[in-house]
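Since every read-out is calculated from the coordinates, none of them should be taken as a lab result. Keep in mind it's a predicted model, so treat the numbers as computed, not measured. Cβ atoms come from the backbone with ideal geometry, glycine included; neighbour counts cover every protein chain shown.
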Amino acid sequence: MRVPRQNPHARTLRKGRYSRPGLHYFLTTSVAKRRRIFIRHEYASVVLDSIRWLHRTRRLTVDAAVVMPDHVHLAGQLGERSLSRVMHSLKSYTANRLAHLGVAAPIWQPGFHDHALRDDEDYSVRIRYLIDNPVRAGLVERIEDYPYVILPTWWRIR
């Protein structure tokens, strides 16, 4: 008897995926069952700390990131590890830390979405989407007021 796969779209997410060191990517991963666990400061902080660790260790030079209540977006330049290894590091570390804080497993949906940023226009569109996400969701009026964001260095407060 064949056991059904946990995520029937996992193969689709990987189709056409390639990891090229030095290339910029836009990455998205979601909380299992889209639970809004990152409305709690201590939980969102775990994810932000992990993203900063990815940056410090040059696994992903993070240009921008946002932790939304039920998903995470990040954009940056891939280091020497594959996208899958980078995202595995992020998700496994945060899942372990969040489990110790009492968050029920599973924390993350399997897989992640990736988009290679091919040119300056594509990069700008994706970064703008990331930055505007908390504002569009009605969480804040200005992105500068959202506590769970890493803004790009070129971002200026308006």
task = Mind giving me the FRET efficiency for residue 154 and residue 35? R0 is 35 Å, r the Cβ-Cβ distance, nearest 0.05 is fine.
result = 0.55
request  = Work out from phi, with θ = phi - 60° and the Karplus expression 6.51 cos²θ - 1.76 cosθ + 1.60, the ³J(HN,Hα) of each residue of the range 141-151, listed in order in whole Hz, and give x for Gly and Pro.
outcome  = 8, 10, 4, 5, 8, 8, x, 10, 9, 10, 8
query = Do the sum for the chain: with -39,500 (n - 2.57) for every DSSP H run of n ≥ 4, divided by all residues, what is the mean residue ellipticity at 222 nm, to the nearest 500 deg cm²/dmol?
reply = -11500 deg cm²/dmol
Point-to-point label distance, residue 77-residue 121, nm (Cα→Cβ direction, 7 Å offset) = 2.3
inquiry  = Pick from 148, 129, 25 the residue whose mean-square fluctuation is largest in a GNM of the chain, springs joining Cα atoms under 10 Å.
reply    = 129
Segment residue 88-residue 101, length gained on full extension (0.36 nm per residue, minus Cα span) = 2.7 nm
message = Can you tell me, using C-alpha contacts under 8 Å and at least 6 residues apart, the relative contact order of the range 19-150 as a whole percent?
response = 35
ask   = Once you charge only the Cβ atoms, +1 for Lys and Arg and -1 for Asp and Glu, what is the size of the charge dipole of the range 19-150 about its Cα centre, to the nearest 20 debye?
value = 580
task = Can you find, among 100, 155, 127, the residue farthest towards the positive end of the dipole of the chain? Put +1 on the C-beta of Lys and Arg, -1 on that of Asp and Glu.
result = 100
ask   = Using a basic spin-label model with each label point 7 Å from the Cα along Cα→Cβ, how many nm lie between residue 58 and residue 20?
value = 2.1
